[in-house]
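Note sheet for the following structure.
The values are calculated or read from the model by the stated rules, or taken from the named source; none is laboratory data. Computed from a predicted structure; not experimentally measured. Neighbour counts are summed over all protein chains in view; Cβ atoms, including those assigned to glycine, are modelled from backbone coordinates with ideal geometry. For accessibility, only protein heavy atoms count, side chains too; no ligands or nucleic acids. Shrake-Rupley method; radii C 1.70, N 1.55, O 1.52, S 1.80 Å.
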Amino acid sequence: MNFIRKNIYNPIAFGIGFLILVAILFATLWVLVPPPPRSIELATGFPTGLYQQFGEKLQAELAQEGVSLKLRTTGGTSDNLALLNNPDSGVDFAMVQGGVADLSKYPNFVSIAGVFYEPVWVWYRDSSFPNESGRLGLLSQLKGKRVSIGNEGSGTLTLASQLLGASGLTMNDIRAEKLKPLDALEKFKKGELDAVFLVSAPEAPLVKSFYETPGIRLMNFEQAEAYVHLFPYLSKVTVPRGVVSIAYDLPRQDIQVLAATATLVGKDDISPALVTLLLGETYDILKTYSYLQKPGEFPSGTGLDFPVHVDAEIYLKDGPSFLHRHLPFWTAVWIGRFAKIVIPLLVILIPLFTYIPAAKNLLLRLKLSQVYEELKVIERNASNPALKDKNFKDLDDIERRVGNIKVSMLDAKELYDLKGHVGEVRVRLNLHS
């Protein structure tokens, strides 16, 4: 105790103590509220698809905030889900096509946001449908045709299979081929396919490769409303004439297509700060995606396969927090992390501080009371000659201890009253000596 009293007013000792306290607080902060990672990996899709293009734009935006985004090209949604579910893959996020995932297999996945529509394009040769005047409006018309339904591991394959099944067609009813988009396009150009399923946003470079192919058209889903009722994760979207390509006049008339929602998916233990960063950068990127979606329609938290992360839901509803709105990302992160530790501590410590004066006063009174009890004993024994030396010795000890007591200005009266009473006892002892 004397060591503490002696060093509490020492600037060096005080500084060391303060640094130790800061170090303990920082260590607690690091363990309880870990910082977001500075390097993450996103599973995208084909190099020519919009998943990859979106990832590249997101990569550039995150780099400006000091976060490195690695992109992994894959075969599509099914591959992405498998990679995200594999703890050894290194993948932190994945682009996922709506309606493809079996939610029971991925209970720990959450949606960050839906980011854009992915229409189901069915490209076909009008020469393949002479009995329908060269028009394809019903999937049942594909019976007996050579159709590319997407490659293994892609969301296109899953969705095309579901749509064909709902249309009363099995794989035995069509001459199905599971091809990658560019492989399908090459066979299409050679006349070796009658139709190709492609699930992709109209902004994707891949779509341009298709509409530049002469002699092909886009299917108008005449039963779009029925499919939407059957598959709630799909939306019916009107594609105005020429919106895919004005130069190629595609489509050649307003058509109805079915559209899944491309979703940015992560794991449920994602850092809330990283959710905020990803959504903030996504807003800026999606301003350029205007072919089919309305301004402000994306990013969206509705109609998604996986539950929306709680922080993403708050962001989509209320926007970024005050800190992230007005401060650079990492500054906001550290202030936010510090607040998560300091505020609870203040909630505990502030009420505690209010009791410190009362506690100190109680301790002082207990100490003074102990001295008074000793003085009472000396007074009782003052007339006993046999205890004369002991009484003076005990009183000297009391005076020394009282002289070493340190009190605040507010408690000075109690201390000086005690000193006066000690003096009175000494007078009585002298009178009996």
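Summary of values
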read-out: Burial order of peptide ranges 259-266, 198-205, 186-193, 233-240 (average beta-carbon count within 10 Å, highest first); value: 259-266, 198-205, 233-240, 186-193
read-out: Antiparallel bridge percentage (DSSP; both residues within the chain; nearest 5); value: 70
read-out: 15 Å beta-carbon shell around V237, net charge (K/R +1, D/E -1); value: -3
read-out: Formal net charge of residues neighbouring G134 (Cβ-Cβ distance under 13 Å; K, R +1; D, E -1); value: +1
read-out: C-alpha long axis of helix 272-286 to longest principal axis of the chain, angle in °; value: 30
read-out: Residue-span extension gain [I246 to K187] - 0.36 nm each, minus C-alpha spacing; value: 18.7 nm
read-out: Sites I20 and E399, calculated FRET efficiency, Cβ-Cβ separation with R0 35 Å, nearest 0.05; value: 0.35
read-out: Accessible area in square angstrom per residue, the chain, 1.4 angstrom probe; value: 53
read-out: Region 100-221 - share of DSSP beta bridges that are antiparallel (%, nearest 5); value: 60
read-out: J(HN,Hα) series, region 79-88, from Karplus relation 6.51 cos²θ - 1.76 cosθ + 1.60, nearest Hz, glycine and proline x; value: 4, 4, 5, 5, 5, 5, 7, 8, x, 9
read-out: Theoretical ellipticity at 222 nm over the chain - DSSP helices of four or more residues, -39500 (n - 2.57) apiece, nearest 500; value: -15000 deg cm²/dmol
read-out: Degrees, to the nearest 10: 155-166 long Cα axis against longest axis of the chain; value: 60
read-out: FRET efficiency, 1/(1 + (r/R0)^6) with R0 56 Å, evaluated for D269 and L366 via beta carbons; value: 0.65
read-out: Protein accessible area in the chain, 1.4 Å probe - carbon and sulfur %; value: 58
read-out: R400 accessible area, 1.4 Å probe, all protein chains in place, Å² to nearest 10; value: 140
read-out: A359-K236 pseudo-label distance in nm [points 7 Å out on the Cα-to-Cβ vector]; value: 7.0
read-out: Probe 1.4 Å, all protein chains present, accessible-area order of H421, H229, largest first; value: H229, H421
read-out: Given K105/K145; K57/K208; K187/K294; K294/K317; K180/K294, the pairs whose alpha carbons are separated by over 25 Å; value: K105/K145; K187/K294; K180/K294
read-out: K393 - accessible surface, heavy atoms, 1.4 Å probe, Å² rounded to 10; value: 150
read-out: Long-range amide H partners of L71 with built H, under 5 Å; value: L42
read-out: Probe 1.4 Å - accessible area at S167, Å² to nearest ten; value: 30
read-out: Most mobile of A43, A166, A412 in a GNM of the chain (Cα contacts under 10 Å); value: A412
read-out: Counted charge near G99, where neighbours are those whose Cβ lies closer than 11 Å (Asp, Glu -1; Lys, Arg +1); value: -3
read-out: Structure-derived Rg and Dmax of the Cα atoms in Å: which label, when the choices are [x] 20.9, 68; [y] 38.9, 137; [z] 23.3, 70; value: [y]
read-out: Nearest 10 degrees, 0 to 90: helix 388-403 Cα axis against the chain principal axis; value: 40
